[in-house]
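This report concerns only the one structure given below.
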Amino acid sequence: MEEHHRKKGCFGLYAQSLLYLAVTVWSAVGAGQSPAAGDALAYLAPAGFGLIAWYSGYAALKRYRGGAWFVAGNVLLALAVLMLSVLYEGYRTANPNTMLGAGVVAAVATLAALPLLWRGHQRHRRWWRVVQGFAEFEPAAAISPEPAAPAANAPLLLYPPHSNWRLLWLMLFSATLYAPFLMYRIASDIAVLAGSRLNPRRCAWQMLIPLYNFNVFYRVAGQAGRLAQAGGMALKLSPAALALMLVAATLANFAIPQFLFLLSCLLASIPWLVLNAG
């Protein structure tokens with residue numbers, strides 16, 4: 001029965017991917033026939049819908065178990081993509097009201113999609129734990145508030161490491177929106193390996209707070225550096241240098257032209273790639 005539901009969920013993800021692929025083709029045809037067909041930004045909607053279709057199909061191949069949370073998050077992201085295309089149309093026709101309304105809806109839809117995708121990822125994570133033979137939830141200490149010492153042969157539950165190439169593609173294709181999820185992975189692994197009180201969920205959502213996210217990145221990079229030093233290794237760059245690189249990449253976004261958006265995403269990805277490689 002479980003295998004039946006698993007296959008049914010994969011078919012649902014494949015259907016979702018095909019649906020967004022059809023919307024991608026439809027929007028691409030419409031963009032090609034529009035008066036602004038020569039402008040690269042006119043193809044913003046096909047690019048956004050195509051990205052959703054791609055990672056939905058990839059999730060189906062990997063039997064991702066995000067459930068309705070994942071589907072609802074994709075719907076909101078699709079709405080955000082649609083509103084961004086409306087915002088561009090308002091910009092092209094010099095209509096400030098359309099630009100403001102579409103921008104607000106796109107921002108609200110994106111912010112609402114992030115917690116839904118997060119809940120879907122947590123659902124998939126619980127399923128993964130069961131498949132790997134771990135308990136679905138961590139047992140609470142019933143007798144003593146002191147943390148119990150782990151068994152000598154107990155495996156540590158760590159996230160599989162990303163290769164730098166895979167991480168780079170994730171950052172580029174998500175327009176660096178993968179950064180909070182990556183922060184959760186890094187903080188979670190540090191908490192397991194170092195036994196620290198680092199809260200991975202708090203670190204992840206704090207990465208969405210402008211300016212304060214630099215402090216979060218610096219603190220986590222510092223803990224990663226101390227953990228590496230304890231293991232006889234060292235980060236390729238100091239935590240302060242990595243944080244300054246992230247600040248510089250963020251400031252560069254205001255100076256780089258819109259058509260070089262991928263370059264700004266690449267610059268913002270460099271500190272994460274260095275931290276991941278370390």
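The values are calculated or read from the model by the stated rules, or taken from the named source; none is laboratory data. This one's a predicted model, so the numbers in the text were calculated from it and none came from an experiment. Here the Cβ is made from the backbone with ideal geometry for all residues, glycine too, and neighbour counts use every protein chain on show. Please note that ligands, DNA and RNA were not included when accessible areas were found on the heavy atoms of the full protein model with its side chains. Shrake-Rupley method; radii C 1.70, N 1.55, O 1.52, S 1.80 Å.
Among (1) touching a residue at least 60 places away in the same chain (Cβ under 8 Å); (2) open to solvent by 60 Å² or more (accessible area, probe 1.4 Å); (3) of a type in the set (A, V, I, L, M, F, W, C), there is one condition residue 233 misses while meeting the rest; what is its number?
Checking residue 233 against (1) touching a residue at least 60 places away in the same chain (Cβ under 8 Å); (2) open to solvent by 60 Å² or more (accessible area, probe 1.4 Å); (3) of a type in the set (A, V, I, L, M, F, W, C), the one that fails is (1).
Scan the range 65-101 for residues that are surrounded by 20 or more Cβ atoms within 10 Å (Cβ to Cβ) and among the polar types (S, T, N, Q) and jot them down.
Of everything in the range 65-101, those that are surrounded by 20 or more Cβ atoms within 10 Å (Cβ to Cβ) and among the polar types (S, T, N, Q) turn out to be 74, 85.
Go through the residues of the range 142-160 one by one and say whether even a single one is over 20 Å from residue 220 (Cα atoms), at pLDDT 80 or above and open to solvent by 100 Å² or more (accessible area, probe 1.4 Å).
No: the range 142-160 contains no residue that is over 20 Å from residue 220 (Cα atoms), at pLDDT 80 or above and open to solvent by 100 Å² or more (accessible area, probe 1.4 Å).
How do the pairs read when you match residues in the range 23-46 that are within 19 Å of residue 79 (Cα to Cα) with residues anywhere that are open to solvent by 60 Å² or more (accessible area, probe 1.4 Å) and of a type in the set (A, V, I, L, M, F, W, C), using Cβ under 7 Å and keeping only pairs 6 or more apart or on different chains?
Cβ pairs passing all conditions: 44/84; 45/82.
Out of (1) under 22 Å from residue 118 (Cβ atoms); (2) out of contact with any Leu (no Cβ under 8 Å at 6 or more places or on another chain), what's the single condition that is false for residue 250?
(1)
Take residue 267 and decide whether it is of a type in the set (A, V, I, L, M, F, W, C) and modelled with pLDDT under 85.
Values: of a type in the set (A, V, I, L, M, F, W, C): yes; modelled with pLDDT under 85: no.
In short, no.
I'm trying to understand the selection: among the residues of the range 30-63, which are open to solvent by 80 Å² or more (accessible area, probe 1.4 Å), of a type outside the set (D, E, K, R) and outside any helix (DSSP H, G or I)?
35, 38
Does residue 184 fit the bill of being closer than 16 Å to residue 273 by Cα, of a type in the set (Ser, Thr, Tyr), at pLDDT 85 or above and open to solvent by 30 Å² or more (accessible area, probe 1.4 Å)? Give the steps one after another, and end with the answer.
Working: closer than 16 Å to residue 273 by Cα: yes; of a type in the set (Ser, Thr, Tyr): yes; at pLDDT 85 or above: yes; open to solvent by 30 Å² or more (accessible area, probe 1.4 Å): no.
Considered against the rule, which asks whether it is closer than 16 Å to residue 273 by Cα, of a type in the set (Ser, Thr, Tyr), at pLDDT 85 or above and open to solvent by 30 Å² or more (accessible area, probe 1.4 Å), residue 184 comes out as no.
Looking at the structure I just gave you, is residue 13 open to solvent by less than 80 Å² (accessible area, probe 1.4 Å), under 27 Å from the mean Cα position of the chain (by Cα), at pLDDT below 85 and within 19 Å of residue 88 (Cα to Cα)? Steps first, answer last, please.
On the way: open to solvent by less than 80 Å² (accessible area, probe 1.4 Å): yes; under 27 Å from the mean Cα position of the chain (by Cα): yes; at pLDDT below 85: yes; within 19 Å of residue 88 (Cα to Cα): no.
Against the criterion (open to solvent by less than 80 Å² (accessible area, probe 1.4 Å), under 27 Å from the mean Cα position of the chain (by Cα), at pLDDT below 85 and within 19 Å of residue 88 (Cα to Cα)), residue 13 does not qualify.
Which one of these is assigned to a helix (DSSP H, G or I) and among the hydrophobic types (A, V, I, L, M, F, W, C): 175, 228? Lay out the reasoning, then the answer.
On the way: 175 fails: assigned to a helix (DSSP H, G or I).
So the residue among 175, 228 that is assigned to a helix (DSSP H, G or I) and among the hydrophobic types (A, V, I, L, M, F, W, C) is 228.
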